[in-house]
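Report on one structure; see the data block that follows.
The values are calculated or read from the model by the stated rules, or taken from the named source; none is laboratory data. Here the structure is a predicted model, which means the values were calculated and not measured. Every residue, glycine among them, receives a Cβ derived from its backbone with ideal geometry; neighbour counts consider all protein chains shown. Surface areas here come from the heavy atoms of the whole protein model, side chains and all, with no ligands, DNA or RNA. Shrake-Rupley method; radii C 1.70, N 1.55, O 1.52, S 1.80 Å.
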Amino acid sequence: MKIIDSKYVIIFISLLMGLNSYAQEKVQDPIRLNQIGFYPNASKVAVVITDAVDSFYISTPDLKNNVFSGALGEIRSSAFSSKKTRIADFSSLTKEGTYVLVVPGIGQSYSFEIKNKAHDEVAKASIKSFYFQRVSTSLSEQYAGKWKRKAGHPDNNVLIHPSALSAKRPEGFIISSSRGWYDAGDYNKYIVNSGITMGTMLSAYEDFPTYFDEMNLDIPESKNDVPDLLDEVLWNLRWMLTMQDPDDGGVYHKCTNAKFDGMVMPDFTKLPRYAVQKGTAATLDFAAVTAQASRVYRKYEKIFPGLADSCLRASVLAWQWAVKNPNVEYNQGAINKQFDPDITTGAYGDSDFKDEFSWAGAEIYLTTKDDAYYQSVLTYGGSAITLPSWSNVRALGQYSLLRFNKTLTPLAQKDFDERKRNLFAMVEEWIKGLNQSTYQTAIGQSKKDFVWGSNGVCANQGIALMYAFQVSGDRKYFDAAIGNLDYMLGRNGTGYSFVTGSGDKTPMHPHHRPSEADGIVDPVPGFLAGGPNPGMQDKCSYPTSVADEAYLDNACSYASNEIAINWNAPLVYLVSAIEAIQSQNEKMK
Ligand code: 9MR
Ligand code: 9MR
């Protein structure tokens, strides 16, 4: 191990940095890495944007103690820009501590840690963010700290919108639809987006119960005998249950203003709220979530008497509505032509219901073990798996079927091998070129990854990789999942750690109404920004349109810098899964 006197290192670096700025266009943060940390026994990779220098070393932040030195990897060319990168791999450094990575001639990284439980705090913050999104309640200083706020949107006076009237719920009819989570930077509540969010959170619990059983999130329910994750999820479940019309089982698409609120605090806005048209996607997503919730909360029957049964009843009723109404699209344009007031908030419109039938069928099947529901999985795509998003939820059912493989009836069991094959085929697409790519991540193998909410794509890829790892035990999938987490925490084309409050360079101006309006410098913590999106639909002025760099840390930018529950949920899953598996490994040692 080489020990270099820090004084000379600093002089040397400053000298080279000066020279370097003449040599090429100056890149901000030329060393990109996970700004939080790494596990002693897992992969550790940083990316240096350079085609010049050859070596790097790891040192303590005061640069006094050089603990590792290595050579940079071969020069790689970006598929999206003229950037050249080289990989710094320091996986073999296992000694716990706080370090920086230094590239003579280039500079040094933000400091990071090597330790067990490296991402435990990020996991907790990402779940706690849901508490900050709670509707119809104040957040007290005790739980919310400096982000305490007054209650907003009581939603106990919600009008049935003319698009959703029925014989028993005629014009002027009012329902109570309190609680839930704000969807994103806006203040509306959408069943479709709650669907994938809740499915992902409940799956995280079903896959890693022990990890969550021990987690304290410091929320108002922390003292009851229920894991805090499930207390938090219940806040939104209770809202979802109010969105079903008990007379026919159909589920309203959303609970919303007619138009978006301004950039104000929740308590400031008093616009009327509406429950709008029932639809097939919303109803099936609701059926899937309530079926899964019925399984999960059954264990807490003593604390929540009747909850599991009510969920299953609601689920089956919703399913029956969808079978009778298999094709009711939420088409906001068409609805606005026919009814007033016009609704101009998020649409979450979807006209393909095969994946929703498949997911709901799978979840009800798993809760009831009634083969009739598995028939719907077979009818609507079998064991096909594609990357999930709010409009494509089939994989959620497939994941649940993999999870409970040992308890399936023979009809479903026989698809196990094909289901695994489909999963491997999907993730292999992302990892086959990984070791040649500029950031060495599964995300970014295709330009198509960089859509509105690309960080949600990244986190969902991570989840799929974790299932591939769990099913096969093959370490390469686990490493690739960590790679996508590293990406979200800094090893990416922008140099940002995209989770508010986690890391040195993080979003300060997410498109999130409370973060903008509360007068507090730091944004509310634990939220994943949408991420690079060359679509730039918000028309803000981005620094670049390069696919993996098109990101703007400005509240203007709802297409790259909004936060949303359906991106945070897969972050919760991924980071918790990685933590849970790492801590099992620790215990096994
Ligand atoms: O705040 C809204 C955000 O949640 C949505 O994702 C986005 C796209 O539907 O719209 C945002 O609201 C903007 C609206 O569309 C146009 N006027 C400005 C609003 C706030 O920036
Ligand atoms: O995540 C949604 C994205 O896939 C769509 O392209 C976009 C435009 O319709 O809307 C996104 O969802 C937004 C929703 O409509 C309103 N709340 C904020 C959501 C995140 O931006």
Original post:
In the stretch 463-492, how many are in a loop (DSSP other than H, G, I, E, B) and either within 16 Å of ligand 1 (Cβ to nearest atom) or touching a strand residue (DSSP E or B) at 6+ places or on another chain (Cβ under 8 Å) (or both)?
Top reply: 4
Original post:
What single numbered condition from (1) over 16 Å from the mean Cα position of the chain (by Cα); (2) open to solvent by less than 30 Å² (accessible area, probe 1.4 Å); (3) of a type in the set (A, V, I, L, M, F, W, C) fails to hold for residue 466?
Top reply: (1)
**OP:** Exactly one condition in (1) touching a helix residue (DSSP H, G or I) at 6+ places or on another chain (Cβ under 6 Å); (2) within 16 Å of ligand 1 (Cβ to nearest atom); (3) farther than 17 Å from residue 130 by Cβ is not met by residue 580; state its number.
**Re:** (2)
Subject >> Tally of residues being in a loop (DSSP other than H, G, I, E, B) and within 15 Å of ligand 1 (Cβ to nearest atom) across the stretch 525-541 >> reply: 11
Subject >> Among (1) within 16 Å of ligand 2 (Cβ to nearest atom); (2) of a type in the set (Lys, Arg); (3) over 24 Å from residue 191 (Cβ atoms), the one test that residue 513 misses >> reply: (3)
Original post:
Just one of 435, 405 is closer than 21 Å to residue 488 by Cα, of a type in the set (S, T, N, Q) and surrounded by fewer than 20 Cβ atoms within 10 Å (Cβ to Cβ); which is it?
Top reply: 435
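Residue by residue, here is whether (1) hydroxyl-bearing (Ser, Thr, Tyr); (2) surrounded by fewer than 20 Cβ atoms within 10 Å (Cβ to Cβ); (3) within 16 Å of ligand 1 (Cβ to nearest atom) holds:
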{"site": "112", "(1), (2), (3)": "no, no, no"}
{"site": "119", "(1), (2), (3)": "no, no, no"}
{"site": "124", "(1), (2), (3)": "no, no, no"}
{"site": "162", "(1), (2), (3)": "no, yes, no"}
{"site": "183", "(1), (2), (3)": "no, no, yes"}
**OP:** Examine the stretch 184-205 for a residue that is closer than 25 Å to residue 156 by Cβ, within 19 Å of the chain's Cα centre (by Cα) and aromatic (Phe, Trp, Tyr), and state whether such a residue exists.
**Re:** yes
Original post:
Quick one: is residue 186 within 16 Å of ligand 2 (Cβ to nearest atom), farther than 30 Å from residue 580 by Cβ and among the charged types (D, E, K, R)?
Top reply: yes
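Of everything in the stretch 308-320, what is in contact with a Gly (Cβ under 7 Å, 6 or more places away or on another chain), hydrophobic (A, V, I, L, M, F, W, C) and either over 16 Å from residue 359 (Cβ atoms) or at pLDDT below 95 (or both)? Give them in sequence order. Steps first, answer last, please.
Within the stretch 308-320, the subset in contact with a Gly (Cβ under 7 Å, 6 or more places away or on another chain) is 317-318, 320.
The next check asks that each one be hydrophobic (A, V, I, L, M, F, W, C); those that pass are 317-318.
The answer is 317, and nothing else.
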Original post:
open to solvent by 10 Å² or more (accessible area, probe 1.4 Å), at negative phi and acidic (Asp, Glu) - does that describe any residue in the stretch 357-369?
Top reply: no
Original post:
Among the residues of the stretch 516-527 satisfying the criterion of being farther than 18 Å from residue 138 by Cβ and in contact with a Ser or Thr (Cβ under 7 Å, 6 or more places away or on another chain), which is nearest to ligand 2 (Cβ to nearest atom)?
Top reply: 527
Original post:
If you check every pair at least six apart or on different chains, which have Cβ atoms under 8 Å apart with a residue in the stretch 380-399 that is more than 16 Å from ligand 2 (Cβ to nearest atom) and at pLDDT 95 or above first and a residue that is among the hydroxyl-bearing types (Ser, Thr, Tyr) and assigned to a loop (DSSP other than H, G, I, E, B) second?
Top reply: 394/380; 394/386; 395/386; 398/383
Original post:
Pick from 102, 135: which is closer than 30 Å to residue 56 by Cα and either in contact (Cβ under 8 Å) with a residue 60 or more places away in the chain or open to solvent by 70 Å² or more (accessible area, probe 1.4 Å) (or both)?
Top reply: 102
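Can you tell me which residue is nearest to ligand 2 (Cβ to nearest atom) among those in the stretch 570-589 that are hydrophobic (A, V, I, L, M, F, W, C) and at pLDDT 95 or above?
Our first condition is that a residue be hydrophobic (A, V, I, L, M, F, W, C); within the stretch 570-589, this holds for 571-572, 574-575, 577-578, 580-581, 588.
Now drop any that are not at pLDDT 95 or above, which leaves 571-572, 574-575, 577-578, 580-581.
Numbers: 571: 15, 572: 17, 574: 18, 575: 20, 577: 23, 578: 24, 580: 27, 581: 29 Å.
Top of the filtered list is 571.
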**OP:** Could you give me the residue pairs with C-beta distances under 8 Å whose first residue belongs to the stretch 81-93 and is open to solvent by 30 Å² or more (accessible area, probe 1.4 Å), whose second residue is part of a strand (DSSP E or B) and of a type in the set (Val, Ile, Thr) wherever it lies, and which are 6+ apart or on separate chains?
**Re:** 83/49; 84/49; 89/45; 91/45
**OP:** List every residue pair whose Cβ atoms lie under 7 Å apart, where the two residues are 6 or more positions apart in sequence or sit on different chains, the first residue falls within the stretch 174-194 and is part of a strand (DSSP E or B), and the second residue, located anywhere, is within 7 Å of ligand 2 (Cβ to nearest atom).
**Re:** 184/562; 184/564; 189/183; 190/183; 190/346; 190/348
Original post:
Hey, among the residues in the stretch 529-569 that are among the hydrophobic types (A, V, I, L, M, F, W, C), in contact with a Phe, Trp or Tyr (Cβ under 7 Å, 6 or more places away or on another chain) and open to solvent by 10 Å² or more (accessible area, probe 1.4 Å), which one's nearest to ligand 2 (Cβ to nearest atom)?
Top reply: 536
**OP:** Quick one: in the stretch 264-296, of everything that is out of contact with any His (no Cβ under 9 Å at 6 or more places or on another chain) and farther than 21 Å from residue 360 by Cβ, which residue is surrounded by the fewest Cβ atoms within 10 Å (Cβ to Cβ)?
**Re:** 270
**OP:** Considering every residue within the stretch 454-471, establish whether at least one is modelled with pLDDT of 95 or more and on the phi > 0 side of the Ramachandran plot.
**Re:** no
Original post:
Are any residues in the stretch 310-355 open to solvent by 30 Å² or more (accessible area, probe 1.4 Å), among the charged types (D, E, K, R) and within 16 Å of ligand 1 (Cβ to nearest atom), and if so, which ones?
Top reply: 342
Original post:
Could you list, in sequence order, the residues of the stretch 49-72 that are more than 19 Å from residue 112 (Cβ to Cβ), hydrophobic (A, V, I, L, M, F, W, C) and either part of a strand (DSSP E or B) or within 33 Å of the chain's Cα centre (by Cα) (or both)?
Top reply: 71
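Would you pick out the residues in the stretch 337-373 that are of a type outside the set (Asp, Glu), away from ligand 2 (no atom under 16 Å from the Cβ) and over 20 Å from residue 206 (Cα atoms)? Walk me through how you get there before you give the answer.
Residues of the stretch 337-373 of a type outside the set (Asp, Glu): 337-339, 341, 343-349, 351, 353-354, 357-362, 364-369, 372-373.
Of the ones still in play, those that are also away from ligand 2 (no atom under 16 Å from the Cβ) are 337-339, 341, 353-354, 357-362, 364-369, 372-373.
Within the stretch 337-373, 337, 338, 339, 341, 353, 354, 357, 372, 373 qualify.
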